[in-house]
Amino acid sequence: MAARREENGTWSSSFRYSDWEGKSRLKHARGFKEEAEADAFERDFKRMASGKSGMPFEVFAEKYLEDIEPRVRPTTYETRERMIRVKIVPLFKGSLVCEITSLDVLHAQNVLLAQRKPDGSEYSPVYIRRISEQVWGMFNHAVDNYELEENPCRSLRQAGSKKNGEMKIWSKAELNLFLDAVSDKPLIYYAFETLYWTGIREGELLALTPTDLDFRACTLTVSKTYHRRGGKDVIGPPKTACSYRTISMPQFLCDDLQRFIRDVAKTQPDERIFAGLNKKKLLRAMSRGCAASGVKAIRVHDLRHSHVSTLIKMGFSVVAIAERMGHESSDITLRYAHLFPSAQAEMADALQAARGK
């Protein structure tokens, strides 16, 4: 044992140990109230640090990414990889997985909450929540596969929120102002018109080929999605099993797309209709169009929310909307509950009438 009493009356512990790779390392810790506490720390640390959970967090992060890559969609992996490397690893770099405590995680959450984007704005509560949940998931993975005894997140509340503030959506009038501002660019015009009036995801839009459209039946079939990986265009399966679907288009959109494909883009049956676009170009086009038209700035994905809002106002059921959007009904209910007309007043009237019978 190498416990030593300090001048301030506390105890410190300094010792050598074998790390998870069998290499000899020096460890020093201080602030223990009793000698026995310092001795116990040495025993516990040696036991944990010699196992798999004794690896540095940044090494574990790489192993975690290797473990999950074959098991998730490429786009999911890319999102997690970027989040882990840019946001999470810096929070715990230099610490062994086994020595990270709940207090360390709490401090990391506070750092996340205080961070700002390059323009000085705050990160959204949903984004903070996603990072927090990813941290929780990584430590669970360490418990299940890397001999970590306990998840240090277990006693903590997640940072952030499952929902952002007010949902930003466009009305039909705002869409028309935006489309007028980009009408000189047909590729942009018809891409955004399609997103708004079908509610499909950006990747689903960018993967569309003429064979996915049935102009007689006025339908659009979603069977794939597009993303960029390693500087290359990649076509993969849709986001979930529910995402495979065929939806009906309004006649005006069907006619517009048919003319665009035939007369403007001259797209071949196996070519992508919106081949000149990717998600970054859609985002830039959205920013330019909003600035030119004066409509409020929203995300490209918010066009999907706008579509759902329109369907809710038209009185369609949760089940019908979920089927069109490629979601589970419970997802629609949870995400858009505040947009559905409240039935509370009708319930109260019905209960009042029932009491009088």
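The values are calculated or read from the model by the stated rules, or taken from the named source; none is laboratory data. Every value quoted in this text rests on a predicted model; they were computed, and no experiment measured them. Methodologically, a virtual Cβ is constructed for each residue, glycine included, from the backbone with ideal geometry; neighbour enumeration extends over all protein chains shown.
For the structure I just gave you, tell me whether Arg130 is outside any helix (DSSP H, G or I) and more than 22 Å from Leu277 (Cβ to Cβ). No, not satisfied. Thr267 fulfils the conditions (1) over 31 Å from the mean Cα position of the chain (by Cα); (2) surrounded by fewer than 13 Cβ atoms within 10 Å (Cβ to Cβ) except for a single criterion, (2). Checking each residue in the stretch 4-43 for being exposed (fewer than 11 other Cβ atoms within 10 Å of the Cβ) and among the hydroxyl-bearing types (Ser, Thr, Tyr) picks out only Ser24.
Failed condition for Met48, given (1) touching an Asp or Glu at 6+ places or on another chain (Cβ under 9 Å); (2) farther than 13 Å from Leu96 by Cβ, with all others met? Here Met48 meets the rest and fails (2). Number of residues in the stretch 141-157 that are crowded, with 21+ Cβ neighbours inside 10 Å and either in contact with a Cys (Cβ under 7 Å, 6 or more places away or on another chain) or of a type in the set (D, E, K, R) (or both): the value is 1.
From the list Arg335, Arg288, which residue is within 24 Å of Asp184 (Cα to Cα) and of a type in the set (Lys, Arg)?
Only one candidate passes the filter, namely Arg288.
Of everything in the stretch 51-72, what is part of a helix (DSSP H, G or I) and free of Cβ contacts under 8 Å to residues at least 12 places away in the same chain? Give them in sequence order. Let's see the steps before the verdict.
First pass over the stretch 51-72, keeping only residues part of a helix (DSSP H, G or I): 52-54, 57-71.
Scanning the stretch 51-72 gives Val59, Glu62, Glu66, Glu69, Pro70, Arg71.
Looking at the stretch 1-41, the strands (runs of 3 or more DSSP E) lying wholly inside it that each contain 3 or more residues that are at pLDDT 85 or above sit at 11-18, 24-32. One residue stands out among those in the stretch 220-237 that are under 16 Å from Thr79 (Cα atoms) and not hydroxyl-bearing (Ser, Thr, Tyr): the one that is surrounded by the most Cβ atoms within 10 Å (Cβ to Cβ), which is His227.
Residue-wise test of (1) more than 26 Å from Arg47 (Cα to Cα); (2) in contact (Cβ under 8 Å) with a residue 60 or more places away in the chain; (3) in contact with a Ser or Thr (Cβ under 6 Å, 6 or more places away or on another chain).
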position: Arg85; (1), (2), (3): yes, no, no
position: Lys93; (1), (2), (3): no, no, no
position: Cys98; (1), (2), (3): no, no, yes
position: Leu113; (1), (2), (3): yes, no, no
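The single condition among (1) within 26 Å of Lys313 (Cα to Cα); (2) crowded, with 17+ Cβ neighbours inside 10 Å; (3) touching a Gly at 6+ places or on another chain (Cβ under 7 Å) that Glu174 does not satisfy is (3).
Can you give me the ranges of the helices (runs of 4 or more DSSP H) entirely in the stretch 255-348 with at least 3 residues that are at pLDDT 85 or above, in contact with a Ser or Thr (Cβ under 9 Å, 6 or more places away or on another chain) and farther than 30 Å from Gly231 by Cβ?
302-313, 318-325
Within the span defined as the stretch 212-219, one or more residues are of a type in the set (Val, Ile, Thr) and in contact with a helix residue (DSSP H, G or I) (Cβ under 9 Å, 6 or more places away or on another chain).
Within the group Phe274, Phe260, which residue is touching a residue at least 12 places away in the same chain (Cβ under 8 Å), in contact with a Phe, Trp or Tyr (Cβ under 7 Å, 6 or more places away or on another chain) and of a type in the set (Phe, Trp, Tyr)? Spell out how you get there, then give the answer.
Numbers: Phe274 fails: in contact with a Phe, Trp or Tyr (Cβ under 7 Å, 6 or more places away or on another chain).
Criteria check complete, one pass: Phe260.
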